[in-house]
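Working notes, structure below.
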Amino acid sequence: MPGTTRAGSYRDVLLLPHALRTFVPALFGRLAYGLLPLSALFTVHQSTDSFAVAGTAVAAFGLASLSMPLKARLVDRYSQRRVLPPLAVLCASGLALVAFASTTNAVLLVTLVGVAGLFAPPLGPSMRATWRLVTDHTELKQRAYALDAICEESLYLAGPLIAGLLISFWSAPVALGCAAVLMVGGTFGMVATPLARHVAEQQAGGRFLDPGPLRAAGLRRILLVIFFVAGGVSVAYVCVAGVAEGQGRAGAAGFVEAAIGLGSVVGGLTWARRTHTRSHWHHLAGLIGLLAVGLLAASLATNLIVLGAVMAVGGLAVAPLFVVSYLAADELTPAHQRTEASTWINTANNLGSSAGASLAGLAIDQTAPSHGFLAAGVLLAVLALVSSRLRGPWLPSGFGVRGGRRLRRAG
């Protein structure tokens, strides 16, 4: 068929016009989000000596993600080049103030982190819009999505590890400052290519306050599931920090969190190479169940090495969960709403993370981190059971994955 290509390799994707020049700086910008949770958590804790306040600050950043879909709509309407750089500068300025301002005022710190989140640029959804543009009239779209997913999971593996090293050898504020620099540098590099100007030209207009992709019941179901999954994972992250802090090795939290990212990368690679024939609700239930097992096992672990091992097992489910969710959002929404639909997945994830971080911070101040792991594990086990009993047209018939051709995940 003229204008199409075979479902090629990752190398074929990177050889598409301007793809590599856009993708590499975008990854650096997105790495900032990998450093941010741990560095912000310990920066605020260092200033206030309270995990409850620190958890609330991380939650404030996530709650501000309610603005992400509107920012994605602005990107669709006015282009990445005009919208993303101002957002990155404003967000990074807020993070720099948190990192280097000499204040112990809890309300001010939480507010600054929240304001930074309000202006956080939607780099992941924008990159996915770019992939859709450069793979138009080819069979490389799903392969590009898989590449994006694996690389992003690698960022969430490297991010906590880098943050842990920076915290151990310098300080948490230095780690947060590095996140701000990465965000600005990566965003400006991403929009320096012609693709940043053309993405918006492929999108259709519409009323700014129209609910858009949220009209799709299937997408709303996905968002609800992602919210609860993200809440459970966020509880785990904060509890890992609590365990590490309690043992006098705060920087080790980054290494344990990196184990989750490693498991996710392995899980994504494995999932992409298999043919999936069961219903998607069965897949979802099984993946959530695996994550629940990891959290329940973490509630029994006292050694940081053992904790990292069991969290890595649970992490095997993370990338496949998002692979299914992001590609499903693409299938369920019109072409001109897909950037926004993808952003709603991020928003649900961030909101769930906010709720989890806030609750976990309070729990650690009042009880042991092991109780937080236990509560999160039970929540996800119940969610897995409910998902296994759901029926109905969550995704269009024929939706499936084979060898990375129908598979995808990322932020």
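Listed by first and then second residue, the pairs with beta-carbon distance under 6 Å, at least 6 apart or on different chains, first residue in region 74-93 and over 15 Å from THR343 (Cα atoms), second among the charged types (D, E, K, R), are SER79/ARG197; ARG81/ARG197. Of TYR156, TYR78, all but one fail to be at pLDDT below 85, over 30 Å from ALA317 (Cβ atoms) and aromatic (Phe, Trp, Tyr); the exception is TYR78. If you go through region 179-198 and keep only what is assigned to a helix (DSSP H, G or I) and open to solvent by less than 50 Å² (accessible area, probe 1.4 Å), you end up with ALA179, ALA180, LEU182, MET183, VAL184, GLY185, GLY186, THR187, GLY189, MET190, LEU195, ALA196. Consider region 262-285. How many of its residues are open to solvent by less than 30 Å² (accessible area, probe 1.4 Å), within 19 Å of the chain's Cα centre (by Cα) and at pLDDT 75 or above? Qualifying residue count for the region: 5. Applying a threshold of 6 Å to beta carbon distances and a minimum spacing of six or more residues, or different chains, the list of pairs starting in region 305-323 at a residue that is under 25 Å from ASN346 (Cβ atoms) and ending at one that is basic (Lys, Arg) reads ALA319/ARG409; PHE322/ARG409; VAL323/ARG408; VAL323/ARG409. Among the candidates ILE150, ILE167, the residue that is over 21 Å from the mean Cα position of the chain (by Cα), over 24 Å from HIS336 (Cα atoms) and either outside any helix (DSSP H, G or I) or of a type in the set (A, V, I, L, M) (or both) is uniquely ILE167.
Looking only at residues in region 113-147 that are aliphatic (A, V, I, L, M) and assigned to a loop (DSSP other than H, G, I, E, B), the one that is farthest from LEU195 (Cα to Cα) is ALA120. Looking at region 9-73, the helices (runs of 4 or more DSSP H) lying wholly inside it that each contain 2 or more residues that are among the small types (Gly, Ala, Ser) and in contact with a Phe, Trp or Tyr (Cβ under 9 Å, 6 or more places away or on another chain) sit at 19-48.
Under 21 Å from ASN350 (Cα atoms) and in contact (Cβ under 8 Å) with a residue 60 or more places away in the chain: does that describe SER126? Judged against the criteria, SER126 is a match. If the condition is being open to solvent by 20 Å² or more (accessible area, probe 1.4 Å), of a type outside the set (A, V, I, L, M, F, W, C) and more than 30 Å from PRO334 (Cα to Cα), then region 209-261 contributes TYR237, GLU245, GLY246, GLN247, GLY248, ARG249.
Taking the numbered list (1) open to solvent by 40 Å² or more (accessible area, probe 1.4 Å); (2) at pLDDT below 75; (3) touching a Gly at 6+ places or on another chain (Cβ under 7 Å) in turn, GLY398 passes all entries but (3).
For region 14-46, a residue qualifies if it is over 21 Å from LEU165 (Cβ atoms) and open to solvent by 10 Å² or more (accessible area, probe 1.4 Å), and the qualifying residues are LEU14, LEU15, LEU16, PRO17, HIS18, LEU20, ARG21, VAL24, PRO25.
VAL98 meets the conditions (1) over 20 Å from ALA163 (Cα atoms); (2) touching a Pro at 6+ places or on another chain (Cβ under 9 Å); (3) hydrophobic (A, V, I, L, M, F, W, C) in every case but one. The failed one is (1).
Remark: pairs (first residue in region 277-290, assigned to a helix (DSSP H, G or I); second residue modelled with pLDDT of 75 or more and aromatic (Phe, Trp, Tyr); Cβ separation under 9 Å; 6+ apart in sequence or on different chains) = ILE288/PHE228.
The values are calculated or read from the model by the stated rules, or taken from the named source; none is laboratory data. Since the structure is predicted, the reported quantities are computational estimates derived from the model, not experimental observations. Ideal geometry is used to build each Cβ from the backbone, glycine not excepted, and the neighbour counts take in all protein chains shown. The area values use the complete protein model at the heavy-atom level, side chains included, leaving out ligands, DNA and RNA. Shrake-Rupley method; radii C 1.70, N 1.55, O 1.52, S 1.80 Å.
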